[in-house]
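The values are calculated or read from the model by the stated rules, or taken from the named source; none is laboratory data. Just so we're clear, the structure is a prediction, and the values are computed from it rather than from any experiment. For neighbour counting, all protein chains shown are included, and Cβ atoms are generated from backbone atoms with ideal geometry for every residue, glycine included. For accessibility, only protein heavy atoms count, side chains too; no ligands or nucleic acids. Shrake-Rupley method; radii C 1.70, N 1.55, O 1.52, S 1.80 Å.
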Amino acid sequence: MAVANLPHQTCIPLPSESGSKHPDHEAHLSLVPIHIVTNASQLPVEFLYPSSERQLVIGFDCEGVDLCRYGTLCIMQLAFPDAIYLVDAIQGGKVLIKACKPALESTYITKVIHDCKRDSEALYFQFGIKLHNVVDTQVSF
């Protein structure tokens, strides 16, 4: 089955200055591409090859079945300022997740996540990936 490599689009409303809806609300919607990733070549170069010259802050989360050391990682979500990447761990397999290892272990990429315990456990025990430079919002506040 062939799958189109075009990004899906979604609208994310931008907040108004006053907090109320703008009369021309539709004009204040911004399109954000959502990429379904099955191959590492579909990820941004600055993610795959972290460097001190281009430090990033991304939103990060994992989804799976009984996600832990023995569960199954299904999707890894990466939110960049200009796009969202849904990394398909089932279709892309270990090769795809291992390609993300330098970024996930990098101190040059800050990963913002909520409750990273199970995600971290799954990545470490299933793929040998030890997360670095993580801001866990569950313990931050």
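Would you point out which residue out of ASP82, ASP115 is part of a loop (DSSP other than H, G, I, E, B), farther than 18 Å from PHE47 by Cβ and open to solvent by 30 Å² or more (accessible area, probe 1.4 Å)?
Values: ASP82 fails: farther than 18 Å from PHE47 by Cβ.
Answer to the selection: ASP115.
The conditions of being in contact with a Gly (Cβ under 7 Å, 6 or more places away or on another chain) and buried (at least 18 other Cβ atoms within 10 Å of the Cβ) are met by ALA122.
Among the criteria (1) buried (at least 16 other Cβ atoms within 10 Å of the Cβ); (2) outside any loop (DSSP other than H, G, I, E, B); (3) of a type outside the set (A, V, I, L, M, F, W, C), the one LYS94 does not fulfil is (1).
Scoring MET76 on the criteria (1) loosely packed, with under 15 Cβ neighbours inside 10 Å; (2) at pLDDT 95 or above leaves a single failure, condition (1).
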